[in-house]
Amino acid sequence: MFIALVLCVIALLVSWYQSRDVFTGAHGPFPAAFAAGAPVAPERVVRRTSDEHALVHGLSLQWTDSGVTAVNLRTGKEYWRYERRDANEVVWEFKVSERTVVVGHDDGRLVGIDLRTGKLLWRVEIRDDDYRSVELAGGQVVTGAPGAVRAFDERDGRSLWTVKMSESCPEVLVYSVHALPDHLSAVHVMCNVSSVDRDEYELLLGVDNRTGKVLWRQRTVDPKLTVWGDGHTLVAPDPDRPRTIQLLDVNRQGISPRATLPLDGWDVVAGGSGIVLSGTDPKEGSEDDDTLLQAYDTRDGQPSWQLRAPTGQEYGFPEVADGRVYVVRQPFLTEADEGRRIHADLLILDADTGHLLHTLRLPAMTAPDDSDYFGKLDILDTADGAVSIGWRDGWGDLLIATD
């Protein structure tokens with residue numbers, strides 16, 4: 001009886017301690033989005049921000065060591081802030097939807113926060129100190145747990161389903177989750193990535209996201225080499241044929257080939273709005289220097305359009321959203337350019353035709369000291385009238401918005 005009483009007191013003290021985490025709540029009215037969809041013609045650079053952020057409905061969500069802060073894009077002022085009281089337990093990752101912010105800490109704690117109010121919705125303790133990713137798709141929070149993949153409800157944190165992994169995958173890292181039609185979640189996991197004693201491999205799971213039933217499992221390639229397109233479309237290298245890219249149809253029955261991209265489309269970098277994009281240098285065949293963007297139709301893999309950079313320039317990684325392609329065109333950099341101030345342009349293209357809709361000259365930026373990538377500028381995020389652009393090495397980002 002005494003032991004039970006002590007445990008009860010300890011639990012109450014822990015709950016009280018956790019409840020004192022900082023949730024400032026919203027300051028002022030919920031910001032209005034800059035646009036109904038992604039911007040056609042961004043006009044101005046708002047500010048620099050951290051290298052970990054997400055854009056949603058007029059807000060920039062930014063990572064801190066022990067929490068997350070929401071910043072009003074129009075004013076640059078803090079809208080709300082969450083900080084964990086125990087600053088030793090840092091944030092590993094956070095994800096954002098139109099309603100919810102989910103924060104994952106390094107000790108296994110997940111926290112759900114209401115996007116509009118900044119108030120705590122729920123808290124879940126997985127109690128495992130290994131690194132885990134957090135994915136938010138289809139109203140569900142999906143993450144790894146010891147020997148399993150688990151899903152929680154985005155709004156109340158209740159446990160929805162658990163997929164037990166095989167003995168060959170005791171360490172599981174959820175890399176990405178895509179909510180597809182017909183109650184299907186495609187869960188891309190990496191097995192044993194931190195183990196030296198076990199085989200490391202990648203696995204794609206088809207999960208019924210109502211019940212957690214695994215409909216199919218398939219070994220696949222490194223998820224960093226894959227791109228998701230619209231609906232059921234997955235673009236991935238063929239593991240049996242080097243330098244061959246397949247358009248795959250993913251549904252509740254499994255994965256089946258739809259088409260094969262031409263040889264020059266082997267380096268696919270983005271997908272959406274009915275196309276997939278490859279970025280290559282035809283002269284060198286290099287994936288490091290993208291001087292040509294080539295679009296392919298996701299229905300049959302046929303070329304749609306191409307855009308070649310002017311002499312001495314190249315493209316960063318693009319983003320496809322709302323029928324538009326966002327990409328930065330910049331000078332072709334070498335080691336000699338480290339520390340030099342350069343100018344680049346944000347291009348916005350029609351996804352169907354590749355026609356240029358708008359160009360925005362970016363402010364001068366200093367090329368970072370990075371001999372591997374030589375400072376490529378990539379589109380990081382687009383949402384509600386804002387675009388974020390960052391150096392590929394994560395040295396800092398620009399936010400661009402419309403009024």
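In table form, for the structure just shown:
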| item | result |
| --- | --- |
| First in the range 183-201 and over 17 Å from T162 (Cα atoms) and of a type in the set (S, T, Y), second anywhere and at pLDDT 90 or above and open to solvent by less than 20 Å² (accessible area, probe 1.4 Å), Cβ under 6 Å, 6 or more apart | Y201/C191 |
| Count of the range 232-267 residues which are on the phi > 0 side of the Ramachandran plot and open to solvent by 40 Å² or more (accessible area, probe 1.4 Å) | 1 |
| Qualifying residue in the range 234-244 (condition: touching a Cys at 6+ places or on another chain (Cβ under 9 Å) and in contact (Cβ under 8 Å) with a residue 24 or more places away in the chain) | no |
| Selection within the range 56-73 - closer than 26 Å to D107 by Cβ and open to solvent by 10 Å² or more (accessible area, probe 1.4 Å) | Q62, W63, T64, D65, S66, T69 |
| Strands (runs of 3 or more DSSP E) lying entirely in the range 1-113 (those with 1 or more residues that are among the β-branched types (V, I, T) and either modelled with pLDDT under 85 or within 26 Å of D322 (Cα to Cα) (or both)) | 44-49, 53-56, 67-72, 91-96, 100-105 |
| Breaking point among (1) closer than 25 Å to L261 by Cβ; (2) in contact with a strand residue (DSSP E or B) (Cβ under 8 Å, 6 or more places away or on another chain), for K283 | (2) |
| Subset of the range 58-94 [among the hydrophobic types (A, V, I, L, M, F, W, C) and free of Cβ contacts under 8 Å to residues at least 24 places away in the same chain] | V71, A87 |
| Residue check for E338: of a type in the set (D, E), touching a Gly at 6+ places or on another chain (Cβ under 9 Å), surrounded by fewer than 16 Cβ atoms within 10 Å (Cβ to Cβ) and modelled with pLDDT of 75 or more | yes |
| Residue that is nearest to L346 (Cα to Cα) [pool: residues in the range 307-335 that are among the hydroxyl-bearing types (S, T, Y) and open to solvent by 50 Å² or more (accessible area, probe 1.4 Å)] | T311 |
| Which numbered condition T75 fails, given (1) farther than 28 Å from S185 by Cβ; (2) out of contact with any Pro (no Cβ under 9 Å at 6 or more places or on another chain) | (2) |
| S273 open to solvent by 20 Å² or more (accessible area, probe 1.4 Å), under 19 Å from F317 (Cβ atoms) and among the small types (G, A, S) | yes |
| Filter result for E171 (under 17 Å from S133 (Cβ atoms) and in contact with a Cys (Cβ under 8 Å, 6 or more places away or on another chain)) | yes |
| Whichever residue in the range 114-137 is assigned to a strand (DSSP E or B) and of a type in the set (V, I, T) and, among such residues, is least open to solvent (accessible area, probe 1.4 Å) | V134 |
| Tally of residues being acidic (D, E), under 21 Å from L55 (Cα atoms) and in contact with a Phe, Trp or Tyr (Cβ under 9 Å, 6 or more places away or on another chain) across the range 316-350 | 1 |
| Some residue of the range 311-321 being of a type in the set (A, V, I, L, M) and not in a loop (DSSP other than H, G, I, E, B) | yes |
| Verdict on T280 being at negative phi, free of Cβ contacts under 8 Å to residues at least 24 places away in the same chain, open to solvent by 10 Å² or more (accessible area, probe 1.4 Å) and touching an Asp or Glu at 6+ places or on another chain (Cβ under 7 Å) | yes |
| Failed criterion for G301 (all others in (1) open to solvent by less than 30 Å² (accessible area, probe 1.4 Å); (2) in contact (Cβ under 8 Å) with a residue 24 or more places away in the chain; (3) in a strand (DSSP E or B) hold) | (3) |
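The values are calculated or read from the model by the stated rules, or taken from the named source; none is laboratory data. All of these numbers come straight from a predicted model, not from anything done at the bench. Ideal geometry is used to build each Cβ from the backbone, glycine not excepted, and the neighbour counts take in all protein chains shown. Just so you know, the surface numbers come from the protein's heavy atoms only, side chains and all, with ligands and any DNA or RNA stripped out. Shrake-Rupley method; radii C 1.70, N 1.55, O 1.52, S 1.80 Å.
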